[in-house]
Amino acid sequence: MALSAELYYLIPEIILLSGACLVLVLDAVLGKEQWSFTYTLTQLLLLATAGAILFVDPGQAVTVLGGNFILDPLGVLLKVSICLVALPVFFYGHDYNLEHGLHKGEYYILGLFAILGMLVMASAGTLLTVYLGLELLSLSLYAMVAMNRDSRMASEAAMKYFVLGALASGMLLYGISMLYGATGTLQLAGLANAIAGQTDNTLILTFGLIFVIVGIAFKLGAVPFHMWVPDVYEGAPTSVTLFISSVPKIAAFAMAMRVLVDGMQPLAGDWQGMLIILSVLSMIAGNVIAIAQTNIKRMFAYSTISHVGFLLLGIIAARPAGYAAAMFYVLVYSLMSMGGFAMVILLGRKGKEADLLEDFKGLSERSPWFAFVMLILMFSMAGVPPFLGFWAKWFVIMEVIRAGFPMLAGIAVFFSVIGAYYYIRIIKLMYFDKPLEMKAIKSSRQMRTVLSLNALSLLILGLWPPLLMALCLKAIGL
Amino acid sequence: MSDTIYLAIVLAPLIGAVIAGLFGRVIGRSGAHWVTIAGVGIAAILSLVVYKHVVFDGAAVHNAALYTWLKTGGLSIEVGFLIDRLSATMMVVVTFVSWMIHIYTIGYMHDDPGYQRFFSYMSLFTFAMLMLVMSNNFMQLFFGWEGVGLVSYLLIGFWFKRETAIFANLKAFLVNRVGDFGFLLGIAAILMYFHSLDYATVFAMAPGLAATTIEIFEGREWLLMSFICICLFIGAMGKSAQVPLHVWLPDSMEGPTPISALIHAATMVTAGIFMVARMSPLYELSETALSMVLIVGAITAFFMGLVGLVQNDIKRVVAYSTLSQLGYMTVALGASAYAAAIFHLVTHAFFKALLFLGAGSVIIAMHHEQDMRRMGGLSRYLPVTWITCLVGSLALIGFPGTAGFFSKDAIIEAVHESQRFGSGFAYVAVLAGVFVTALYSFRLFFLTFHGAPRMDHHTREHLHESPKVVTVPLTVLAIPSAVLGWFLAGPMLYQGYFQDAIHVAHENDVLGEMAEGYHGTWQFLLHAFGAPVIYIAFAGVLTAWLLYLKYPHVPAQLAERFDFLYRILVNKYGFDSAYQKLFAEGARRIGEGLWRAGDITIIDDICVNGSGHVVRWCAGLLRRLQSGFLYDYAFAMIIGLLLLLGYFLPWASLLG
C-alpha cells in the first residue's frame, strides 16, 4: 500500500491534529475576549473528526503504517464515541468555565490534544503506539487539572496525578520492555502469536503482563491503583473532572482491549485472575467508601471506581460477548457520569461550587424537573430498571455467569446493593429534605435542553437496550 | 316460581346499594334514598309474593343452584337458593323491617353528611342478609354471614370520627371473628366428612354419620356431630351475641339508631338463631350440643336482662333487652323447639324494631340526648311515640294477647316440657327472666314518658312529636307487635308450619307434645292465666311502677344498700374489662413484644440498620486509607504491584 493510501485512514487524526494546532494559534492571536470562538471551533472540529472517522471507516480491520495503526470496527465505534461524548462534555464545561471565570482556551486545546491521544490509543497496533497515545492523553490531563493555577487544591491534585501517573507510566513501559524481551516484537498481533507459540518464557511474560496491567488499572482507576481518582476529581475544576471522568474512560477501555485482547489473549487465564482481584477490590472499595463521602465530586470518584469494577467484569469473561458487554458498560457509564457532573455544574453559581451533598437538599422544591433529571441519573447509576444503567450491570453480570464465575456475579450484585444506598440517598435529599435556600436554579435554555436529553436518553435507550447493544456487538464482530 | 324472582329479591337491594354508594354524589340525597327504598321495597313485595306462593299456595320446596362459582377437585362451590317456609318467613321479616327502617332513616339521618353512604350500607346489609337466609349451601351462608359482619362493622363505625364508635365497631368485628372462626371450623369439618357443602346432601348424609367419632386431642373421642354443631354454634354465639361473645352488642349502640334497629332487631343478630334452626337436622343428632345451646341461652336470657336494669342510656337498655330476648330464642333452640325460636324471632323483630325506633324518636326529640335520667314526662309531647312504645313494651314483657306473649309463653312452656340436661336450670332462668324483662322495660317506659320532666328548660321548650317518616313506621310496626300472635301462634308452633324445613327427632318434640293440649288461640290465652308467667310479668311492672314512679328515691337507696351487686351489674359482670385486659391487652402485649423483638431488634436493628452500620463503619475505616499524602498513594500502588507479583508469578518454575 502506498503511503498516501495508508495515510487515508489517518485523516481523522490528521484533521484533529491540524485543527488543534489552528485553534491553538487562533486562540493565542485573538486573545481572551474571543474565547467563545475557541469553544465553537473546538466543537466543529470534533464533529468534523467524528464525520471523518465514519467517512474513512473501512468496515473491516485494516492495518497500516507498518502495523502501528489499526482501524477496525471496534476502533471506529470507540473513536466516534470519544468524539461524540466529548461534544456535550465541552458544552457543559463551557457553561462552567463561563460561570466560574476560567476564561481559558487551554481547556479546549488541551482537551483536543487529549482526544487526539485517545484516538491514537484506540487505533494502536503496537505497544509503542499505545504508549504514545497514553502519554499524549496523560500529559494533557495533568495540565488540565492544574488549569486553575490559583487554586491550591487543583495544583495539589495535579501534582499528585502527575507523580502517580509518571510512576504508572514507568511501570507500563517496564512491562512493555519485558514483553518485548520475551517475544522480540512490539506489534500486538505478533505478540499474541509469539505468546501462543512459546511455553518456556512464562515467567517473563507474566512479569511483563503484571506491569502492563498496573498501567491499565491506573488509567482506569481500579483499586489499588485508584488513589489519584478522588483527589483529582475533587481538586480539579468541575469542567475538568467532568472531562476526566467520562471521555478517557472510553480510551482506557480501548487500551485494555488492545493490549489484553489483541495482544495477549493467549494469556487470558493469567490476566483474568488479576482483573478479578482488581474488579472485586474496586467494587468493594468504591461502593463502601462512597458512602462516607460528603462531597459529591468525591462521591462520584468512588462511584467511578466501583463502575470500573463492573466494567472489568465484562473483560474478565474473556469472550467476545463479554467484551461487548464491557463496551456497553463504558458507553453507558460515560453518559451517566457526564450527566451527574453536569448537575453539579448546574447547581453551582458564580464563584461557588455546589459540590456538597447537602447542596442537593430539597431540589425537588427548587426545581422539580432537575430533581427528576438527577433522579434518573441516580437510579441509572444504581442500576434500577428500566434505566440504561440497569442493563449495563445486567449484561456484564450475565456474562461473568456464562463465563463460569457465579461467585463473582454474586459479589457484584451484593455490592451494587450497597452502592444503591448512596445514590438513593441523593434522591432522598432532593425529595424529602428541606432546601437550604430557596433560590431557583438559573440556567440557559441550551443547558436545560442538553441535560434533559442526556438524562432522558438513559430512560429511552433503557426501554430498548438492544439498540445500543447491537452497536457494541457489531463492533466486537458478533 | 322462577329463579328470576329470587334473583331479583337479592339483587334489588344490591343494585340500590351500588347506585347509592358509588353514584351518591351524582344522584344526590333524595336520589339515594329513593333508589335504595325502591330496591328494598321491590325485595319486600316480591318476598311477599314468594311467601304467599310457598305458604298459602303450598308450592314445593325450591332448591337449585343458580351459578357455579368454581369447581375444585370433587367440590363445586355454587350460588343457589333454598326456598322453603323457613327462608320465606325470614325473607319477609328481613325485607319488611329493613324497608320500614329505610323510610324511618330519611327522618333520622336528615342532616347527616354521610346520608348516601348510610343508605348504601343499609341496602348492602339487606342484600347480605338475604343471601344468608336464602342460601342452599354452607359457602353462600358463610358469604352472607361475613357480609353482614362487614356491613355491621361499617355501620357501627358510621360516625367514624367518634373514637367510641371506632372502638365499638372494632370490638364488634373482633368478637365476631372469634365466633366466625368456630363457624369456619364447623364448615371445614362438614366439608371434611361430608365432602359437600350443599345443605340437602349434608342433611341426607347426617344420620349415617351420627355415630362417627373424631379424635382431635389424643385420647379424647368426640362425637363428630357434637363437634360440628358446637363449632357452628360458636359462630352463632358471635352473631347472635350469646354469653360470652355478647360484649360487642351493647357497644354497637354507637351506630346511628336505625342501625341499632336493623342489626339488633331484625337481622344480623337473628342470623345465628336462623342458622341453628336451619341446621336442625344436624343438631338433633347431638344431645351435647343442644344442652350447650340451652344453657348458654338461659345464662344470656337471665343475666343480660339483669344488666339492663342498671343502664341509663335508653338505647343500651333496649340493647340488653335484645341480648336477653336472643337468649330466649337460643333456649328455645336448645329445647328443640326451633319453631318457637323462629316465632319469637319474628315477633321480636317487630316489637324490638319498634322499641328501637321509638327510642330513636325520643332521642330526636331530646336533641340526641340518650340518658333517661334527663327525660321524663314525655308522653305529653310525643303521643304517637308514647303509645307505640307502650305497645312495644307490652309485647316485650309478654302481656297477654300481644305477639310477644304467644312466642315467649311457648318458649317457657317448651323448656318446661324438655327433659334435656340443663332444662331445669333453663326453666328457672327464663321464668326469672320474665320478671326482669318486665322490670327493665317499664323502668325505661316510666323514666322516659312519665314522672316529672328532668330535661333542661331549653330542650323542653322545643319538644315536639317526630315527623311523619318517623311516626308512620312506628305505627306500622306497632300493629303486628300487637296482633301478630293471633295469626301465627297456632300454625307456627303447633300445626307443622315449617314442614320439612325444620327437623325435630320424635323423642325431642316438645312442641309436638304441647300441640296435644292446644285448642286454639283463645284457649292458649286463657290457659296462660292459670300459669305463673303472666303474674310474674305483672309483678315486674308493678315493681317498676313502685320504684320509678311512686317512690323514685328508692332505687338509689337500693343501689347503695346492695352496692356489691350493683357494682357487678354496672360492670356487666366484668366481661368487658376482662376481655380488654386479657385478650386485647394481651394480644397487644404479645404483638408489641414480637414487634420489639422481631421487627425492631432482629429486622430493623440487626438486619437492616445493623448491616447499614457495619457498612458505614467500614466506609469510615476505609476512607482513612485515602490519607491525602502522595507517598501513601505511591506506596499503595507499589503494594498492589507486589501483591500481584507475589500471587501470579509462577514462583514454582522460578524456584524449581
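The values are calculated or read from the model by the stated rules, or taken from the named source; none is laboratory data. This one's a predicted model, so the numbers in the text were calculated from it and none came from an experiment. Cβ: placed from backbone, ideal geometry, glycine included. Neighbour counts: every protein chain shown. Side chains are part of the model used for accessible areas, which takes the heavy atoms of the whole protein and leaves out ligands, DNA and RNA. Shrake-Rupley method; radii C 1.70, N 1.55, O 1.52, S 1.80 Å.
Contact annotation: residue pairs with Cβ atoms under 8 Å, 6 or more positions apart or on different chains, pairing a residue in region A:274-294 that is more than 10 Å from chain B (Cβ to nearest Cβ) with a partner that is surrounded by fewer than 20 Cβ atoms within 10 Å (Cβ to Cβ) and acidic (Asp, Glu), are A:294/A:358. With respect to the conditions (1) open to solvent by less than 10 Å² (accessible area, probe 1.4 Å); (2) among the β-branched types (Val, Ile, Thr); (3) not in a helix (DSSP H, G or I), residue A:241 falls short on a single one, namely (3). Restricting to region A:224-254, count the residues that are within 13 Å of chain B (Cβ to nearest Cβ) and among the aliphatic types (A, V, I, L, M). Qualifying residue count for the region: 3.
Could you check region A:348-370 and list, in sequence order, the residues that are touching a helix residue (DSSP H, G or I) at 6+ places or on another chain (Cβ under 6 Å) and surrounded by fewer than 22 Cβ atoms within 10 Å (Cβ to Cβ)?
Looking only at region A:348-370, we keep the residues that are touching a helix residue (DSSP H, G or I) at 6+ places or on another chain (Cβ under 6 Å), and these are A:350, A:354-355, A:357, A:359-361, A:363-364.
Scanning region A:348-370 gives A:350, A:354, A:357, A:359, A:361, A:364.
Given the criteria within 14 Å of chain B (Cβ to nearest Cβ), within 30 Å of residue A:65 (Cβ to Cβ) and either without any contact (Cβ under 8 Å) to a residue 24 or more places away in the chain or among the β-branched types (Val, Ile, Thr) (or both), does residue A:165 qualify? So residue A:165 fails the test. Being in contact (Cβ under 8 Å) with a residue 24 or more places away in the chain, farther than 30 Å from residue A:212 by Cβ and more than 10 Å from every other protein chain (Cβ to nearest Cβ) is a description that does not apply to residue B:551.
Could you say which residue among A:61, A:50 is within 19 Å of the chain's Cα centre (by Cα) and at pLDDT 90 or above? Don't jump to the end; show me each part of the working.
Values: A:61 fails: within 19 Å of the chain's Cα centre (by Cα).
From the options A:61, A:50, the qualifying one is A:50.
Here the condition is being aliphatic (A, V, I, L, M) and surrounded by 24 or more Cβ atoms within 10 Å (Cβ to Cβ); of B:455, B:375, B:366, it holds for B:375 alone.
Considering every residue within region B:641-654, establish whether at least one is open to solvent by 60 Å² or more (accessible area, probe 1.4 Å), more than 14 Å from chain A (Cβ to nearest Cβ) and free of Cβ contacts under 8 Å to residues at least 24 places away in the same chain.
Residues of region B:641-654 open to solvent by 60 Å² or more (accessible area, probe 1.4 Å): B:642-643, B:647, B:651-654.
The next check asks that each one be more than 14 Å from chain A (Cβ to nearest Cβ); those that pass are none.
Checked region B:641-654: no residue is open to solvent by 60 Å² or more (accessible area, probe 1.4 Å), more than 14 Å from chain A (Cβ to nearest Cβ) and free of Cβ contacts under 8 Å to residues at least 24 places away in the same chain.
For region A:324-331, the condition holds for no residue, the condition being that it is in a helix (DSSP H, G or I), open to solvent by 10 Å² or more (accessible area, probe 1.4 Å), of a type in the set (Gly, Ala, Ser) and away from every other protein chain (no Cβ under 14 Å). Of the residues that sit in region A:168-195 and are buried (at least 18 other Cβ atoms within 10 Å of the Cβ) and within 11 Å of chain B (Cβ to nearest Cβ), which one is farthest from the chain's Cα centre (by Cα)? Per the stated criteria, the residue is A:175.
Restricting to region B:70-81, and then to whatever is in contact (Cβ under 8 Å) with a residue 12 or more places away in the chain and in a strand (DSSP E or B), can you tell me which residue is nearest to residue B:195 (Cα to Cα)?
Residues of region B:70-81 that are in contact (Cβ under 8 Å) with a residue 12 or more places away in the chain, as a first pass: B:74-75, B:77-81.
So of that shortlist, the ones also in a strand (DSSP E or B) come out as B:75, B:77-81.
On the way: B:75: 7, B:77: 12, B:78: 14, B:79: 17, B:80: 18, B:81: 20 Å.
Here the answer is B:75.
Determine, yes or no, whether residue B:469 is open to solvent by 20 Å² or more (accessible area, probe 1.4 Å) and touching a residue at least 40 places away in the same chain (Cβ under 8 Å). Lay out the reasoning, then the answer.
Numbers: open to solvent by 20 Å² or more (accessible area, probe 1.4 Å): yes; touching a residue at least 40 places away in the same chain (Cβ under 8 Å): yes.
For residue B:469, the condition - open to solvent by 20 Å² or more (accessible area, probe 1.4 Å) and touching a residue at least 40 places away in the same chain (Cβ under 8 Å) - is met.
Among residues that are modelled with pLDDT of 90 or more, assigned to a helix (DSSP H, G or I) and closer than 29 Å to residue B:122 by Cα, residue B:324 is included.
Residues checked against (1) of a type in the set (A, V, I, L, M, F, W, C); (2) part of a helix (DSSP H, G or I); (3) closer than 30 Å to residue B:311 by Cα:
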position	(1), (2), (3)
B:493	yes, yes, no
B:496	no, no, no
B:507	no, yes, no
B:530	no, no, no
B:536	yes, yes, yes
B:539	yes, yes, yes
B:545	yes, yes, yes
B:552	no, no, yes
B:556	yes, yes, yes
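Check whether at least one residue in region A:132-149 is of a type in the set (Ser, Thr, Tyr), more than 17 Å from the chain's Cα centre (by Cα) and at negative phi, and report yes or no. No, because not a single residue in region A:132-149 is of a type in the set (Ser, Thr, Tyr), more than 17 Å from the chain's Cα centre (by Cα) and at negative phi.
For the subset of region A:196-215 comprising residues that are in contact (Cβ under 8 Å) with a residue 12 or more places away in the chain and open to solvent by 10 Å² or more (accessible area, probe 1.4 Å), which member is farthest from residue A:290 (Cα to Cα)?
Just the residues of region A:196-215 that are in contact (Cβ under 8 Å) with a residue 12 or more places away in the chain, to begin with: A:196, A:198, A:201, A:204-215.
Next, from what is left, pick out any that are open to solvent by 10 Å² or more (accessible area, probe 1.4 Å): A:196, A:198, A:201, A:204, A:207, A:211.
Values: A:196: 42, A:198: 44, A:201: 42, A:204: 38, A:207: 33, A:211: 28 Å.
This residue is A:198.
Tell me, yes or no, whether region A:257-271 has at least one residue that is at the interface with chain B (Cβ under 10 Å from one of its Cβ atoms) and either more than 21 Å from residue A:187 (Cβ to Cβ) or surrounded by 24 or more Cβ atoms within 10 Å (Cβ to Cβ) (or both). Yes, some residue in region A:257-271 is at the interface with chain B (Cβ under 10 Å from one of its Cβ atoms) and either more than 21 Å from residue A:187 (Cβ to Cβ) or surrounded by 24 or more Cβ atoms within 10 Å (Cβ to Cβ) (or both).
Among the residues making up region B:617-637, a single one is out of contact with any Asp or Glu (no Cβ under 9 Å at 6 or more places or on another chain), more than 7 Å from chain A (Cβ to nearest Cβ) and surrounded by 14 or more Cβ atoms within 10 Å (Cβ to Cβ): B:635. Filtering A:86, A:158 for residues that are buried (at least 24 other Cβ atoms within 10 Å of the Cβ), touching a residue at least 60 places away in the same chain (Cβ under 8 Å), touching a helix residue (DSSP H, G or I) at 6+ places or on another chain (Cβ under 6 Å) and within 14 Å of chain B (Cβ to nearest Cβ) leaves a single hit, A:158. Name the residues in region B:598-616 that are surrounded by 13 or more Cβ atoms within 10 Å (Cβ to Cβ) and within 14 Å of another protein chain (Cβ to nearest Cβ), would you? Across region B:598-616, the qualifying residues are B:609, B:610, B:612, B:615, B:616.
Evaluate the following for residue B:496: is it on the phi > 0 side of the Ramachandran plot and in contact (Cβ under 8 Å) with a residue 40 or more places away in the chain? No: the conditions fail for residue B:496. Here region A:203-223 is the region considered, the condition is being at the interface with chain B (Cβ under 10 Å from one of its Cβ atoms) and part of a loop (DSSP other than H, G, I, E, B), and the residue that is modelled with the highest pLDDT is A:222.
If you go through region B:36-60 and keep only what is without any contact (Cβ under 8 Å) to a residue 40 or more places away in the chain and within 18 Å of residue B:99 (Cα to Cα), you end up with B:38, B:42, B:45.
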